[in-house]
1. Kindly put Phe146, Phe58 in sequence by how many other C-beta atoms sit within 10 Å of each C-beta, fewest to most.
2. Taking all pairs of distinct Cα atoms, average 1/r, flip it, and tell me the Kirkwood hydrodynamic radius of the range 1-51 in Å to one decimal place.
3. Kindly give the semi-axes, whole Å and largest first, of the ellipsoid equivalent to the range 105-195, taking each as the square root of 5 times a Cα gyration tensor eigenvalue.
4. Provide Lys86, Lys401 in ascending order of the number of other Cβ atoms located within 10 Å of each residue's Cβ, fewest first.
5. Per residue and in cubic angstrom, what volume does the convex hull of the Cα atoms of the range 158-237 have?
6. At a 10 Å Cβ-Cβ cut-off, how would you order His14, His25, fewest neighbours first?
7. By average Cβ neighbour count within 10 Å, what is the ranking of 15-22, 99-106 from highest down?
8. Using the Kirkwood radius over Cα pairs, work out the Stokes-Einstein diffusion coefficient for the range 27-66 at 4 °C and 1.567 mPa s, in µm²/s as a whole number.
Amino acid sequence: MDEGKMDENEWGYHGEGNKSLVVAHAQRCVVLRFLKFPPNRKKTSEEIFQHLQNIVDFGKNVMKEFLGENYVHCGEVVQLPLDFVKQLCLKIQCERPESRCDKDLDTLSGYALCLPNLARLQTYHFAEHRPILCVEIKPKCGFIPFSSDVTHEMKHKVCRYCMHQHLKVATGKWKQISKYCPLDLYSGNKQRMYFALKSLLQEAQNNLKIFKNGELIYGCKDARSPVADWSELAHHLKPFFFPSNGLASGPHCTRAVIRELVRVITRVLLSGSDKGRAGTLRSGPGLRGPPVCEASPFSRSLRCQGKNTPERSGLPKGCLLYKTLQVQMLDLLDIEGLYPLYRRVERYLEEFPEERKTLQIDGPYDEAFYQRLLDLSTEDDGTVAFALTKVQQYRVAMTAKDCSIMIALSPCLQDASSDQRPIVPSSRSRFAFSVSVLDLDLKPYESIPHQYKLDGKIVNYYLKTVHAKDATVMSARFKESEDCTLVLHKV
Ligand SMILES: O=P(O)(O)O[C@@H]1[C@@H](OP(=O)(O)O)[C@H](OP(=O)(O)O)[C@H](O)[C@H](OP(=O)(O)O)[C@H]1OP(=O)(O)O
Ligand SMILES: Nc1ncnc2c1ncn2[C@@H]1O[C@H](COP(=O)(O)OP(=O)(O)OP(=O)(O)O)[C@@H](O)[C@H]1O
């Protein structure tokens, strides 16, 4: 990219989260990722450069090591002309969802991250001419805490995502409770994964987006304007899954297309080579928590049919879900066990503030930082070193609990080679695919007290409001009859 010759007209709004905003190049397969800040909390250019460089270093030295280099794209920090950034900011403002406009794009530093556009296959510099379908999933935390520091018994039974749903609906973030449970997606069991993906398609919230040729066609652009029309989605997807067949439109077609999509995504999620060192993080069998979440409609439906709890995960070790889960499990103590250790580090830093650098709280995220993450001991010897290791592991785990997985699918001819990209078959077509992870920014040390408070809030709200009324709420959830039949489809 020639940073000297930037033209805002060649870039378009692509998407944003809570902390960054992404624009995509119209022709080339690149995006620019800018940081965002609340209006009164601007940072210096030097701080922004350092923040972005830390993101790159963390990706290179830590996440690539854990997840494998094929999945992680670190990008590079670029310096852009300020005039370009200002014009671009004005140009895209009208496309930003209202709910995200509480933060402003950083237009003062001129720094951004340049990354491959993962909504297209990884050809980096040149746009593909083939049509591309891309599914982005933010799976969230896939295990139930196993730590003995957990004080609320409910946390050993119901996963955080399912509990948090109730607080989110109560505070108006989303309109209705999702049937998605991350433990189903991470189960490796095809029926549970199928149920999880279908639930995401029913209530996408911010956990699922679908792009066609780089354009968002399904999922929430704005929390207040969810788009969830399956027949419209099927209309977009039909040429991908039934290219040469005159499948009539209507509910039958919609169901067939959605079924193909879910099957293909399940297959892709279960694929993968065994690179990356997340396997070295595996904790013993006693340290893994229950395999199902009691609030998941899937396990509830099994129980209501008198069937046993499904077996524990059959995720293949090479697949990205497996690796992501291993990194999430670096949260060995749960926030309840971690918080006192955070306080220990805090007390030390209050006494010796100059040590913050040596402890690598704000980086550098280098090889030494990575090596310390591999110590999985939970024997507290009372030292600051022990507390620090657990704090850093927790931050990495939280990052893996909030990352997204991008799956790009491009149809290929029956007999054509795929340029060595892996292939996934569907019943009427074949796709070359790529899988990548995004949003691997290390969670800040400062967010730990917030996590501690939020955890208490989520559990207390669930216990007080939902669990007390459990029977009523859950029976209402099961009035939607498809729950019990859906899971029995052969996949
Ligand atoms: O706390 P959670 O689980 O609600 O996760 C937050 C996400 O909410 P979600 O539940 O996915 O809707 C939240 O996503 P949204 O802004 O709601 O789309 C952010 O990803 C937030 O991370 P950060 O503070 O921007 O680094 C996330 O915060 P972290 O807890 O990961 O720091
Ligand atoms: N390299 C990329 N290629 C294509 N799209 C991307 C890329 N990086 C980010 N995006 C898109 O931009 C959106 C916002 O990016 P990202 O999730 O990194 O934002 P964030 O503010 O850090 O998120 P969060 O709310 O979790 O803090 C993503 O959901 C994704 O759709």
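1. Listed from fewest to most nearby Cβ atoms, that is Phe146, Phe58.
2. One decimal place: 12.5 Å for the Kirkwood radius.
3. 35, 21, 15
4. Arranged by neighbour count, lowest to highest, Lys86, Lys401 become Lys86, Lys401.
5. About 100 Å³ per residue, rounded to a whole number.
6. His25, His14
7. Order by mean packing, descending: 15-22, 99-106.
8. It diffuses with D of about 106 µm²/s by this estimate.
Read-outs: derived from the displayed coordinates by stated rules, not from any lab. Just so you know, these numbers come straight off a predicted model, no measurement behind them. A quick note on method: Cβ atoms are made from the backbone with ideal geometry, for glycine too, and the neighbour counts reach across all protein chains shown.
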